[in-house]
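Since the structure comes first, as structure tokens, the remarks are kept for the end.
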Amino acid sequence: MSRNRSRRARTEARAESFRCLQCGLDVSMTAAGTSHRNHCPNCLWSRHLDDTPGDRAADCGARMEPLAISVRGDGEWVLVHRCTHCGVLHSNRTAGDDNALQLTRVAVRPLAQPPFPLERLTAL
């Protein structure tokens, strides 16, 4: 199947839900706060489907791990995902039904697992 035909088939077959590759939850494509739902609200993992938001043009298809939270100037939280296969980074708006505990875990991960020994702070 040609690449253009494959892309068209993906676009035409766009479902109203998807199954999370990480936790297996059936996820609705509609959610408050986003028009291109591409991550699981339960575990926050995603799938590498887009080159640009909503285009479904990426050929990779691998799982994308939630790495960090970025905060925009208006206070909106954005998830940063890294593809487990090709390493590409994408930022994705959080949605109104995202698991608040999981979002908090991702946000505090740099504090809970600093890149240096905490004992060194006392030497400063």
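The values are calculated or read from the model by the stated rules, or taken from the named source; none is laboratory data. The structure presented is a predicted model; accordingly, all values stated were derived computationally and were not measured. In this analysis, Cβ positions are derived from the backbone assuming ideal geometry, glycine residues included, and neighbour counts consider all displayed protein chains. Areas reflect the complete protein model, heavy atoms only, side chains present, ligands, DNA and RNA absent. Shrake-Rupley method; radii C 1.70, N 1.55, O 1.52, S 1.80 Å.
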Complete set of residues in the stretch 87-105 that are loosely packed, with under 13 Cβ neighbours inside 10 Å and among the hydrophobic types (A, V, I, L, M, F, W, C): 89, 100, 101
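Does residue 70 qualify as being open to solvent by 10 Å² or more (accessible area, probe 1.4 Å), modelled with pLDDT of 85 or more and more than 11 Å from the chain's Cα centre (by Cα)? Give the derivation first.
Working: open to solvent by 10 Å² or more (accessible area, probe 1.4 Å): yes; modelled with pLDDT of 85 or more: yes; more than 11 Å from the chain's Cα centre (by Cα): yes.
So residue 70 passes the test.
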Just to be sure before I move on: is residue 39 within 12 Å of the chain's Cα centre (by Cα) and either open to solvent by 30 Å² or more (accessible area, probe 1.4 Å) or at pLDDT 90 or above (or both) in the structure I sent? yes
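Can you confirm whether the stretch 75-82 contains a residue that is open to solvent by 50 Å² or more (accessible area, probe 1.4 Å) and modelled with pLDDT under 95?
First, pick out the residues of the stretch 75-82 that are open to solvent by 50 Å² or more (accessible area, probe 1.4 Å): 77, 82.
So of that shortlist, the ones also modelled with pLDDT under 95 come out as 77.
Looking for residues that are open to solvent by 50 Å² or more (accessible area, probe 1.4 Å) and modelled with pLDDT under 95, one finds at least one in the stretch 75-82, hence yes.
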